[in-house]
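Notes for the one structure printed next.
The values are calculated or read from the model by the stated rules, or taken from the named source; none is laboratory data. From a predicted model like this one, the values you see are computed outputs, not experimental measurements. Please note: Cβ atoms are built from the backbone with ideal geometry, for glycine as well, and neighbour counts cover all protein chains shown. Each accessible area value is taken on the protein alone, full model and side chains, heavy atoms only, with ligands, DNA and RNA left out. Shrake-Rupley method; radii C 1.70, N 1.55, O 1.52, S 1.80 Å.
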Amino acid sequence: MNEERKLRIVLIDDHKLFREGVKRILDFEPSFEVVAEGDDGSMAAKLVKENNPDVVLMDINMPNMNGVQATKDLVRYFPNTSVIILSIHDDESYVTHALKTGAQGYLLKEMDSDALIEAIKVVSDGGSYLHPKVTHNLVMEYRRLAKDNISSLSENGIEYRQPLHLLTKRECQVLQLLADGKSNRAVAETLYISEKTVKNHVSNILQKMNVNDRTQAVVAAIRKGWVEVI
């Protein structure tokens, strides 16, 4: 029986202790394999060429060559490798700039292990992933609220808007909470439902909205006026 192919990961960060901590988390995931490490963006292209990884975890701030410039080079020369930026900055300008270079993920270094693992799996499958805390800041620039065919509703203290022609009431609530930057776990706690149920709702939302991931769903919802962003 052939073993399932592992996702190959290159980790680039100039802080050795942080890098070791991330590697320790990844080593516990049986479907992951860290194939190379580096401490500067200038090493990225060489390591990717030598190891052919599926995903690169890239620190945004490094000496000699920062993660944004390194990502730009990787996207140009190694389009089959996905890049997730690791950063301490949740400012919209950092996130937008990183994504414009072609990064498919943006994680804050305060992330938990579940978010890290989920992000790697999502981007390796062609999606994009943002740390929930930065989602709100990013989508603000796309805010163009429209009010046609939208009902303002309130239930259990959750204000949300309903696209009556497409989503169920519960899916609208989940979409609003995603726009608020909440993780699946936080959505589950807010609505008193299981994380598995939240994942099912998110999958239904993506399918009905014809988008690939939650970030695209939230951006589209804000453009259409289906969620409120304060």
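Structure summary
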| item | result |
| --- | --- |
| Selection count, the stretch 40-77, where residues are more than 16 Å from ILE9 (Cβ to Cβ) and among the acidic types (Asp, Glu) | 2 |
| Residue that is modelled with pLDDT of 85 or more and assigned to a helix (DSSP H, G or I), where the choices are VAL174, VAL211 | VAL174 |
| Only listed residue being outside the structural domain of ALA103 (by the TED database), among the small types (Gly, Ala, Ser) and farther than 25 Å from LEU99 by Cβ, chosen from ALA179, ALA188 | ALA188 |
| Yes/no for GLY38 being open to solvent by 10 Å² or more (accessible area, probe 1.4 Å) and free of Cβ contacts under 8 Å to residues at least 60 places away in the same chain | no |
| In the stretch 114-134, the residues that are hydroxyl-bearing (Ser, Thr, Tyr) and either in the same structural domain as LEU177 (by the TED database) or under 10 Å from the mean Cα position of the chain (by Cα) (or both) | SER128, TYR129 |
| In the stretch 50-78, the residues that are among the aliphatic types (A, V, I, L, M) and outside any helix (DSSP H, G or I) | VAL55, VAL56, LEU57, MET58, ILE60, MET62, MET65 |
| Among residues of the stretch 61-80, those that are closer than 15 Å to ALA103 by Cα and open to solvent by 10 Å² or more (accessible area, probe 1.4 Å), counted | 12 |
| Conditions (1) open to solvent by less than 50 Å² (accessible area, probe 1.4 Å); (2) among the small types (Gly, Ala, Ser); (3) out of contact with any Leu (no Cβ under 8 Å at 6 or more places or on another chain); number of the one not met by SER93 | (1) |
| Output for the stretch 100-113, where each listed residue is assigned to a helix (DSSP H, G or I) and touching a residue at least 24 places away in the same chain (Cβ under 8 Å) | SER113 |
| Single residue of LYS109, LYS100 found to be more than 13 Å from VAL56 (Cβ to Cβ), at pLDDT 90 or above and either surrounded by fewer than 21 Cβ atoms within 10 Å (Cβ to Cβ) or within 15 Å of the chain's Cα centre (by Cα) (or both) | LYS109 |
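For (1) buried (at least 16 other Cβ atoms within 10 Å of the Cβ); (2) more than 19 Å from GLY105 (Cα to Cα), each residue gets a yes or a no:
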| position | (1), (2) |
| --- | --- |
| LEU11 | yes, no |
| LEU17 | no, yes |
| VAL22 | yes, no |
| PHE28 | no, yes |
| PHE32 | yes, no |
| MET43 | yes, yes |
| LYS49 | no, yes |
| PRO53 | yes, no |
| ASP59 | yes, no |
